[in-house]
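Here is the structure we will look at.
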Amino acid sequence: MLKRKMIKNFGWPLKTAMRETEVTRLYPEVMMELPENERGIHELDATTCIGCASCARVCPNSCIEMVHFKFGNPLKNKKMQFPQIDFGRCMFCGLCVDECPVECLKMGKKVVMAGWERKDIVKSPDFLATKRFTAKEVADLEAEAKRVAAEKAVAAAAKKASAAKEAPAKEGAAKKPAKEGAAANGPAKKAAAEAKPKEGGAA
Amino acid sequence: MTNASEVLSSIQSAFPGAVLDSRVESDRRLWATIDSKKILDVCKHLSTKLNFDHYSGAAGVDWIARKEMEVVEIMASHGTHQVVAMLKVKTPRENPSVKSLTGLYWNANWYEREIWEMFGINFEGHPELWPLLLSDELMGAWPWRKDYKGYPDLTTGERAVKISTPEGYTEYHIPPTPAEVEAGTVVVERPKYPTLREREEKEIKSDSEMIMHLGPQHAMVPGPFLLDVLVEGERVHKAFLDLGYIHKGIEKIMENRSWLQGITYTDRMCYVASLSNNECYCGAVEKILGLEVPLRAQYIRVILEELSRIQSHLIGTGEFLTLIAGVGYAPWQYMIIDRENIISLIESVTGARLTHTFVRFGGVRNDLPAGFADQCKKVLPYMKSRTEEFIELFAQDPIYHKRMDGVGIIRPDDAKRMGVSGPPLRATGVAYDMRKEDPILVYPELDFKVVTGTKGDSADRIDVRLREMLESIHIIEQCLDRIPEGPIRTEVKVPKKVPAGEAYYRVEDPRGEMGMYVISDGGDKPYRVKVRGPFYATFQTLTPLLEGTYIADAVAIAGSMDGCPSEADR
């Protein structure tokens, strides 16, 4: 009885061994299939990144640093700051991806990042960017950004001038509304400021 | 059935004036501040009259602004009723001291030792106030107090002075800098206590006895801890445990991280149970925030936690088999192969293999991918047949039973008294499962049994784990049938700052009862997080359990507990 049971148990591994289950992975030659949700190396869409540094702030290991990168969108990302990730410290928790307001940071299926030195695994936006503008596009965008900035400057100057013009008129108006405007909070203040010239005009 | 307000009125009528402040959160939670002079009497009353036979742990809190310290005793019952009483005892910050509960509850020993070494709260009447997790250098610095400044000078390595001891060892002494002395980091006057070696040598009674080290690097449990056994021949007379080799201070780290960042640290307490740890922390924070988790997210959480339980039990059982090497290494390989299927399933949802950081406040990170249910329906029946085969193999193997039967028996009364939870407790026949006792998520709607054993020995513990896997498969199958469509996160925006409050939340970890006590002071970081881990409690029982056994069985007993020192040390 005892022997029969034991033989049965020894037979089990044999039975299992006969069943062809592939266990060993031929890793460097054949990469295993990774799921869609895999949290591997980050992928940066440099065309949409606004350089807000949310990812850098939420990182529990502070492995994200905002650095300069050329091929982004200067219209949205004025200082051209993009995340650089130190994979020596990254724990692939994915909080940075969740926190990104424009969803430009994602984690992809790429997982190979080995390097000979510590600095080799500090990956710059150049490495991370999967989408980027070409040099020409950047030049165009920069020109556009300059034009917008110039327009804004002109508009601001005009506004200043008009404000300076209307200033005497404002003083002519009653002092009470000005006081109320100061007491109210931000948006109300603006509304009051907008409303005032009209009053001045009416006066 | 007793509920929280009845417990409160019972205490108030028995000890008028003892309850200084109280709050009945729900039928299952009672918060009460007890007069420090009467805490012992109140606890005696609770344990004798109201069936509070489960001392679940204690937490120290340093209220630096109020200039007082608090010890929170967490009391529960083994199934008689579901009330968890959180009894707070206050003590002034200068010279803090409270009464020890070790006389009433045996397992209060370690919890109080930990509070003593971390906060410097003295426990009157505690028999063994010795360091547990901290190294000797830090004793007396009370590192978890709020005014502890850490190491202001980071030049430690450069200052180290090499000393050769007469015994031939090399030691390093690091002289303190003025900044460190001012910060109080460097201990000038250490409390007096016997070292582990002195304690061990005191127990040696005759020449035929000797101390044998098992660990810190022993294959017994996947993690370092020192188990010294005092042996005479083959018999173990006494066992000594020394842990803290991988003490990371996660509770303190979490106080310095934002609420969201804290989730990543719960993963790393125990990587095979990271989903239940996530769940425990997020559940506690959700309780403070008053967030409602959408139904779909609740189902996803349950599915993943049960999958995680299966893989944890597989690795636990497989590892146990390598330890009692008689049965051989083959089953370990089979279990790891099977576990790979489960891990791939979890990975397809969370994107990570072990440290998932998956549960979020008020939901989960990702939705189930397309085809997940089909994949599950392929893997689960296979797992079921495999597990049944494993159970059969274990049941019929005569060598295994000769080796394991009657080894490391825990009687139900002892198990309750020692505060064991999870499979080691259920193997003794006590049906105590958090999924039934303190139901969370959609567990009350699901149909499952609490698996129990009969004998409470090592073989039974393994059997309970294997049969629990079948129950988990059953739960997942139900969830896949019932999971509704809908959002996976709350529509309410989760605030960066959590309103002031406190919560205690319990989940059933693969290893037993996991509880987290979270306090918020209204800031963007937790004020205090206390982790009541399941293996911490099981670990404590190891020393009395080993007394009188054979050395060869020591490994079998410790291995059958499915330990995780990383979680005990935190």
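Determine, yes or no, whether residue B:543 is surrounded by fewer than 18 Cβ atoms within 10 Å (Cβ to Cβ), in contact (Cβ under 8 Å) with a residue 12 or more places away in the chain and in a helix (DSSP H, G or I). Even if it seems obvious, please write down each step before you answer.
Working: surrounded by fewer than 18 Cβ atoms within 10 Å (Cβ to Cβ): yes; in contact (Cβ under 8 Å) with a residue 12 or more places away in the chain: yes; in a helix (DSSP H, G or I): yes.
It is true that residue B:543 is surrounded by fewer than 18 Cβ atoms within 10 Å (Cβ to Cβ), in contact (Cβ under 8 Å) with a residue 12 or more places away in the chain and in a helix (DSSP H, G or I).
Restricting attention to the stretch B:373-419, report how many residues are part of a loop (DSSP other than H, G, I, E, B), out of contact with any strand residue (DSSP E or B) (no Cβ under 8 Å at 6 or more places or on another chain) and of a type outside the set (Val, Ile, Thr). Give the steps one after another, and end with the answer.
Step one: filter the stretch B:373-419 for residues part of a loop (DSSP other than H, G, I, E, B), giving B:397, B:405-411, B:419.
Now narrow it down to the ones that are out of contact with any strand residue (DSSP E or B) (no Cβ under 8 Å at 6 or more places or on another chain): B:397, B:405-411.
Next, only the ones that are of a type outside the set (Val, Ile, Thr) stay: B:397, B:405-406, B:408, B:411.
Qualifying residue count for the region: 5.
Considering the stretch B:400-413 alone, what residues qualify as being within 14 Å of chain A (Cβ to nearest Cβ) and out of contact with any helix residue (DSSP H, G or I) (no Cβ under 6 Å at 6 or more places or on another chain)? Outline the logic, then answer.
Step one: list which residues in the stretch B:400-413 are within 14 Å of chain A (Cβ to nearest Cβ), which gives B:400-403.
Answer for the stretch B:400-413, where residues must be within 14 Å of chain A (Cβ to nearest Cβ) and out of contact with any helix residue (DSSP H, G or I) (no Cβ under 6 Å at 6 or more places or on another chain): B:401, B:402.
Does residue B:234 satisfy the criteria of being more than 17 Å from the chain's Cα centre (by Cα), surrounded by fewer than 24 Cβ atoms within 10 Å (Cβ to Cβ) and either within 14 Å of chain A (Cβ to nearest Cβ) or over 30 Å from residue B:465 (Cβ atoms) (or both)? Talk me through it step by step, then tell me what you get.
On the way: more than 17 Å from the chain's Cα centre (by Cα): yes; surrounded by fewer than 24 Cβ atoms within 10 Å (Cβ to Cβ): yes; either within 14 Å of chain A (Cβ to nearest Cβ) or over 30 Å from residue B:465 (Cβ atoms) (or both): no.
So residue B:234 fails the test.
Where residues in the stretch B:286-300 are among the aliphatic types (A, V, I, L, M) and in contact with a helix residue (DSSP H, G or I) (Cβ under 9 Å, 6 or more places away or on another chain), which of them is farthest from residue B:490 (Cα to Cα)? So that I can check it myself, show each step before the final result.
To start, the set of residues in the stretch B:286-300 that are among the aliphatic types (A, V, I, L, M) comprises B:288-289, B:291, B:293, B:295, B:297, B:300.
Adding the requirement that they be in contact with a helix residue (DSSP H, G or I) (Cβ under 9 Å, 6 or more places away or on another chain) leaves B:291, B:293, B:300.
Values: B:291: 8, B:293: 6, B:300: 14 Å.
Across the stretch B:286-300, the extreme among qualifying residues is B:300.
Starting from the stretch B:250-267, keep only residues that are more than 8 Å from every other protein chain (Cβ to nearest Cβ) and of a type in the set (Phe, Trp, Tyr), then list their pairs with residues that are part of a loop (DSSP other than H, G, I, E, B) and surrounded by fewer than 20 Cβ atoms within 10 Å (Cβ to Cβ) whose Cβ atoms are within a distance under 8 Å, requiring at least 6 positions of separation or different chains.
Listed pairs, sorted by first residue: B:259/B:496; B:259/B:524; B:259/B:525.
For the stretch B:167-268, please list each of the strands (runs of 3 or more DSSP E) lying entirely inside it that holds at least 3 residues being modelled with pLDDT of 85 or more, farther than 30 Å from residue A:58 by Cα and in the same structural domain as residue B:546 (by TED's automatic domain parsing).
So the answer is none; nothing clears 3.
Can you tell me how many residues in the stretch B:398-413 are surrounded by 16 or more Cβ atoms within 10 Å (Cβ to Cβ) and in contact (Cβ under 8 Å) with a residue 60 or more places away in the chain?
Of the residues in that region, 6 qualify.
Can you tell which of B:473, B:488, B:483 is at pLDDT 90 or above and surrounded by 17 or more Cβ atoms within 10 Å (Cβ to Cβ)?
Details: B:488 fails: at pLDDT 90 or above; B:483 fails: at pLDDT 90 or above.
Going through B:473, B:488, B:483 in turn, just one is at pLDDT 90 or above and surrounded by 17 or more Cβ atoms within 10 Å (Cβ to Cβ): B:473.
Output the residues belonging to the stretch B:429-443 that are without any contact (Cβ under 8 Å) to a residue 60 or more places away in the chain and not in a loop (DSSP other than H, G, I, E, B). Working first, answer last.
Taking the stretch B:429-443 first, the residues without any contact (Cβ under 8 Å) to a residue 60 or more places away in the chain are B:429, B:436, B:439.
Once the filter is applied, which keeps residues that are without any contact (Cβ under 8 Å) to a residue 60 or more places away in the chain and not in a loop (DSSP other than H, G, I, E, B), the stretch B:429-443 yields only B:436.
Could you go through the stretch A:118-140 and let me know if any residue there is among the β-branched types (Val, Ile, Thr), surrounded by fewer than 16 Cβ atoms within 10 Å (Cβ to Cβ), modelled with pLDDT under 85 and in a loop (DSSP other than H, G, I, E, B).
yes
Confirm whether residue B:345 is within 11 Å of chain A (Cβ to nearest Cβ), in contact with a helix residue (DSSP H, G or I) (Cβ under 8 Å, 6 or more places away or on another chain), in a helix (DSSP H, G or I) and under 16 Å from residue B:307 (Cβ atoms).
Working: within 11 Å of chain A (Cβ to nearest Cβ): yes; in contact with a helix residue (DSSP H, G or I) (Cβ under 8 Å, 6 or more places away or on another chain): yes; in a helix (DSSP H, G or I): yes; under 16 Å from residue B:307 (Cβ atoms): yes.
Taking the combined requirement at face value, the residue satisfies it.
In this structure, is residue B:386 of a type in the set (D, E, K, R), touching an Asp or Glu at 6+ places or on another chain (Cβ under 7 Å) and either touching a residue at least 24 places away in the same chain (Cβ under 8 Å) or within 13 Å of chain A (Cβ to nearest Cβ) (or both)? Even if it seems obvious, please write down each step before you answer.
Values: of a type in the set (D, E, K, R): yes; touching an Asp or Glu at 6+ places or on another chain (Cβ under 7 Å): yes; either touching a residue at least 24 places away in the same chain (Cβ under 8 Å) or within 13 Å of chain A (Cβ to nearest Cβ) (or both): yes.
Yes; evaluated as a whole, the condition is true for this residue.
Can you tell me which residues in the stretch B:352-377 are under 26 Å from the mean Cα position of the chain (by Cα) and facing another protein chain (nearest Cβ under 10 Å)?
The answer is B:352, B:353, B:355, B:356, B:357, B:358, B:360, B:365.
Taking the stated definitions as given, is residue B:506 basic (Lys, Arg) and within 15 Å of residue B:435 (Cβ to Cβ)? Before the answer, list the steps.
Numbers: basic (Lys, Arg): yes; within 15 Å of residue B:435 (Cβ to Cβ): yes.
Yes; evaluated as a whole, the condition is true for this residue.
The values are calculated or read from the model by the stated rules, or taken from the named source; none is laboratory data. Everything numeric in this text was worked out from a predicted model, so none of it was measured. Here Cβ is always computed from backbone atoms with ideal geometry, including for glycine, and neighbour counts include all displayed protein chains.
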